[in-house]
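K.L.:
Okay, here's the structure, questions in a sec.
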Amino acid sequence: RAALRAAGLTPTRRLRRLEVDLPVAVAPTPVDVEISGFEEADAEGWLRVNNRAFPNHAEQGDWDAERFAARRAEAWFDPVDLRCAREDGRLVGSCWTKTVHETDRPVIGEIYVIAVDPDHIRRGLGAALTTEGLEHQRRAHDAHIGMLYTDAANTDRKSTRLNSSHQIISYAVFCLKK
């Protein structure tokens, strides 16, 4: 940290990179909830859930249709990798995954963004979306490692849930500003 300060850089956020070997056991999906890939008809519901799940988040909150469309236009985006949970046809959560190819490692399935509508928390939906998203990456993209960046304050909660039968590898990552 002293070297960062000497270079005039100030940490603004502390993240952890969590990794888990795949496969993981898939948590049960709540009754009446179905999880499948994104469809354009989900766009409005995705924005609603994402903005409700991240009301004060500097990077993830306050998305609009233009920003969401721009992200879906990225070369890495594949609609099937944006896993959407629907109950009675209404989007109630999502797990946006992406495939990462690092030069000397097996394929990594990253959980890019996971969001659950606040009206649907405490039902196991977050665990179901997380584990289903990792399993999707394993099946569809031959991912051998699951990965997630999270705020350091959330690390214990997320690690405990995935660590029931798998080792979590954690790296410290800092977001910096000059």
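K.L.:
Regarding the stretch 1-114, what is the average projected area of its C-alpha convex hull, in nm²?
P.N.:
Over every viewing direction, the Cα hull of the stretch 1-114 projects on average to 10.0 nm².
K.L.:
Beyond 18 Å, what percent of the Cα pairs of the stretch 49-151 remain?
P.N.:
Every Cα pair in the stretch 49-151 considered, those over 18 Å come to 50 percent.
K.L.:
Can you work out the FRET efficiency for the pair residue 142 and residue 122, with r the C-beta to C-beta distance and R0 = 30 Å, to the nearest 0.05?
P.N.:
0.35
K.L.:
At 0.36 nm per residue, and after removing the present C-alpha to C-alpha distance, how many nm does the segment from residue 40 to residue 76 gain when stretched out fully?
P.N.:
Separation in residues times 0.36 nm, less the Cα-Cα distance, equals 11.3 nm.
K.L.:
Provide the packing ranking of 29-39, 79-89, 122-132, i.e. peptides ordered by the mean count of other C-beta atoms within 10 Å per residue, highest first.
P.N.:
Working: 29-39: 14.5, 79-89: 17.5, 122-132: 19.6.
By packing density, highest mean first, the sequence is 122-132, 79-89, 29-39.
K.L.:
May I ask you to derive the FRET efficiency for residue 54 and residue 102 from their Cβ-Cβ distance with R0 = 25 Å, giving the value to the nearest 0.05? Could the numbers behind the result be given before it?
P.N.:
On the way: r = 27 Å, r/R0 = 1.08.
The value I calculate is 0.40.
K.L.:
On to the next question. Around residue 61, under 12 Å between beta carbons, what's the net of Lys plus Arg minus Asp minus Glu among the other residues? Spell out each step's value before the answer.
P.N.:
Values: positive: 52, 67; negative: 59, 62, 64.
Local charge sum for residue 61: -1.
K.L.:
Can you give me the accessible area per residue for the stretch 1-138, using a 1.4 Å probe, in Å²?
P.N.:
Per-residue value: 52 Å².
The values are calculated or read from the model by the stated rules, or taken from the named source; none is laboratory data. Since the model is a prediction, treat every value here as computed from it, not as a measurement. Note that each Cβ is placed from the backbone with ideal geometry, even for glycine, and that neighbours are counted across all protein chains shown. We work out accessible area using only protein heavy atoms, side chains counted, and drop any ligands, DNA or RNA first. Shrake-Rupley method; radii C 1.70, N 1.55, O 1.52, S 1.80 Å.
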